[in-house]
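The values are calculated or read from the model by the stated rules, or taken from the named source; none is laboratory data. Not measured: the values here are computed from a predicted model. Using ideal geometry, Cβ is built from the backbone for each residue, glycine included, and neighbour counts are taken over all protein chains shown. Calculation scope for accessible area: heavy atoms of the full protein, side chains included, ligands and nucleic acids excluded. Shrake-Rupley method; radii C 1.70, N 1.55, O 1.52, S 1.80 Å.
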Amino acid sequence: MKMKNILYIISFSLLVLFPACSEFLDKMPDDQKTMDMVWASQKETEAYLYNIYAKLPDDRSIWNGVPWVAASDELDICWERYYCTNINVGSWNPTTNYHDVWGDYYKSIRASFVFENNVDRCAELSDDLKIQYKAEAKFLRGFYYWLLLRQYGPFVLLESETDQNDDWNTYPRTPYDDCVAYICRMMDEAQAGLPFSWKATDQKWMGKPDQMACKAVKVKALIMSASPQWNGNPDYANFKNHDGTPLVNTAYDENKWREAAAAAKAVIDAAENQSGGTIKLYRNDENGDATFNPFKSVQDVHLVKWNCEYLWGMTGNNFNNLEIHATPRPNCWNGLAPTQRIVDAFYMRDGKTTDDSELYKETGFAGSAHPNWTVDDVAEVRKRDNWGHRIGEHNMYADREARFYAFILYNGRPLPQTSNDSRNEYSTGNNKNGWGRVELYASGAAGSGAADHSTTGYLMLKFVNFDSDPRLRQHGPWRQTTYIRLADIYLDYIEALNEYDPSHADIKTYWDKIRARAGLPSIFDAYPGIAGDKNKQLEYILRERQVELCFEGDRYFTTRRRLLSDKTDTDRTSDKRRFGDNGPLYGLSILKGNSFTSTDFYERWPFETRVFDKKMYLFPITQYEMDRNKAMVQNPGW
């Protein structure tokens with residue numbers, strides 16, 4: 001499509017999406033294009049549909065656009081100009097407009113109705129495409145509502161196309177359970193017009209929803225609805241519309257967990273009963289490699305495009321910029337910094353935690369290499385057959401599980417995302433020996449002596465392709481942004497089952513699959529005493545989520561839906577807390593150290609004292625939106 005036509009269509013879509021006087025709906029000011037002309041052309045009708053997709057969030061814009069990772073307890077960013085810093089210290093309100101998506105999502109929701117009500121007018125479209133495109137519009141409507149629900153709670157539910165001249169002061173918020181029911185209904189209705197999976201039918205449509213995407217989004221809505229934030233939470237007893245209508249049912253309902261488990265099992269059963277195995281947990285030995293490698297398996301599920309674990313995501317992405325932000329200096333931005341809390345959460349290679357494993361040591365340096373580091377040759381760093389710690393690396397990073405080495409870049413580790421010819425660029429002094437070990441200590445090449453630095457002494461490695469060289473702006477192959485994958489659904493399923501049937505055999509079955517892919521023994525082999533104990537199993541289920549889904553945005557919403565963010569983990573010292581977004585959050589002593597063996601650098605240090613009030617369980621609706629619609633009530637506490 002020529003750029004001029006694209007601009008015409010986008011301009012037209014914006015007029016449709018924004019409230020305006022009715023005469024502006026009849027023609028375009030630039031080219032006099034009418035609504036009739038849009039629906040008369042397949043090209044322009046499809047362009048209108050694609051414009052509804054345009055507001056889908058790029059969840060990998062961690063450093064500036066999407067707050068779910070940097071506003072959680074798993075990561076910090078050093079750039080104070082971005083609003084996550086203010087969120088973390090409690091400096092925000094309805095007028096600061098942080099991550100203000102309310103208006104954008106409603107524009108897309110209204111456009112979905114306009115499209116659904118007019119697509120039949122396009123004679124150039126086949127009947128099958130009309131059915132498919134209507135289903136896509138319904139899915140997108142439900143998905144945008146889901147995005148509103150998880151960020152703001154109960155939304156204003158519009159079930160039909162609104163008139164541009166409607167009085168918006170007549171639209172109050174809709175009770176939470178009704179919001180969830182509508183999202184689920186949209187997913188159910190959309191399924192009828194979509195194939196089981198585009199992977200199995202026509203991969204040119206990848207990035208569009210299919211039946212599996214519909215089923216997966218339904219799980220996410222139901223698991224949140226079943227969780228303590230929305231299921232029996234007395235804090236929302238006075239969360240009501242102006243007329244007194246309660247927006248939240250504060251009575252606990254165990255059946256919500258059963259509904260969530262059933263929805264998750266429907267996804268699992270559909271995947272397991274398909275022919276061809278196009279949807280399953282990703283393993284490298286089932287995708288071209290002769291030998292199972294847990295390191296490659298857990299890494300490639302985020303690197304191989306449209307792989308078998310993908311359920312729903314978007315074609316757009318910002319991975320090149322993510323790689324630059326996550327890579328150390330020079331010529332990179334060196335600031336996506338995992339916290340000590342997430343570093344501590346990863347298991348040891350024996351399947352136990354750092355608290356319990358005899359393999360873990362907090363001090364000193366490794367006298368032997370990880371069993372999977374078998375060839376001590378710099379040429380092996382990017383091949384990924386060798387993985388684990390090397391001799392001389394700090395004991396805190398020795399003998400960890402595969403996910404740790406795939407997702408965390410720590411001081412002294414040879415940088416994976418660079419060619420051997422460039423390694424000395426990341427080294428100073430005597431460290432220019434061809435290994436390119438990352439110098440995160442104070443005086444190091446990537447240390448705290450410059451504005452762009454890790455605030456915690458770590459850098460994020462997840463989503464970074466080892467074949468990239470961000471310093472040279474060379475990046476690995478394109479991949480999609482994944483919103484939901486099968487491991488996520490496994491974890492939803494076992495969490496829901498645990499709430500009402502903690503001895504159910506499926507808990508072990510699907511938990512074992514996730515840990516086996518990571519190269520770990522069953523949690524019930526490592527901790528046999530937790531079997532059937534709801535509270536103990538929950539602790540480890542949430543930890544498995546924390547590790548498996550780290551930096552994917554899940555942690556932010558899990559700690560909030562489970563009402564953990566305002567709590568304090570009193571079973572551990574401040575520097576080793578496992579949950580709670582109030583108080584000091586720890587990294588390493590980044591202002592210290594002049595070599596890899598500087599022991600003072602490896603001391604735990606609170607890089608920030610964070611603030612979390614109960615009102616922060618939800619985002620405030622911006623004051624601009626509140627002023628536009630006097631029928632809405634603000635979220636509690638704001």
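Using the Kirkwood radius over C-alpha pairs as Rh, can you work out the diffusion coefficient of segment 114-166 via Stokes-Einstein at 4 °C, viscosity 1.567 mPa s, in µm² per second?
Answer from the Stokes-Einstein relation: 101 µm²/s.
With a probe of 1.4 Å, find how much accessible area segment 114-208 has per residue, and write the answer as a whole number in Å².
About 38 Å² of surface per residue is accessible.
Give the relative contact order (percent, whole number) for segment 338-477; include only Cα pairs under 8 Å separated by 6+ residues.
Working: 243 pairs, mean separation 29.3, N = 140.
Across segment 338-477, relative contact order equals 21 percent.
Mean shadow of segment 489-536, computed from the convex hull of its alpha carbons, in nm²? Mind dumping the intermediate values first?
Details: hull surface 12.1 nm².
The Cα convex hull of segment 489-536, projected and averaged over all directions, gives 3.0 nm².
Which log10 I(q)/I(0) values, to two decimals, does the chain give at q = 0.05, 0.06, 0.12 Å⁻¹ under the Debye formula with one point per Cα?
Cα-only, vacuum Debye calculation for the chain: -0.23, -0.33, -1.34.
Want the number for residue 356 to residue 509: 0.36 nm per residue separation, take away the alpha-carbon distance, what's left?
Numbers: separation 153, 0.36 × 153 = 55.08 nm, distance 2.37 nm.
Extra length available between residue 356 and residue 509 comes to 52.7 nm.
Which pairs in the list 204/265; 296/352; 55/215; 280/383; 215/361 are over 32 Å apart, alpha-carbon to alpha-carbon?
Pairs exceeding the cut-off: 215/361.
Sorted by mean Cβ packing within 10 Å, highest first, what order do the peptides 227-237, 375-385, 491-501, 421-431 take? Could you put the intermediate results ahead of the total?
Working: 227-237: 17.9, 375-385: 13.7, 491-501: 23.2, 421-431: 16.1.
Output ranking for 227-237, 375-385, 491-501, 421-431: 491-501, 227-237, 421-431, 375-385.
Roughly how many percent of the accessible protein surface of the chain is carbon and sulfur, given a 1.4 Å probe and a whole-percent answer?
The value for the chain is 48 percent carbon and sulfur by accessible area.
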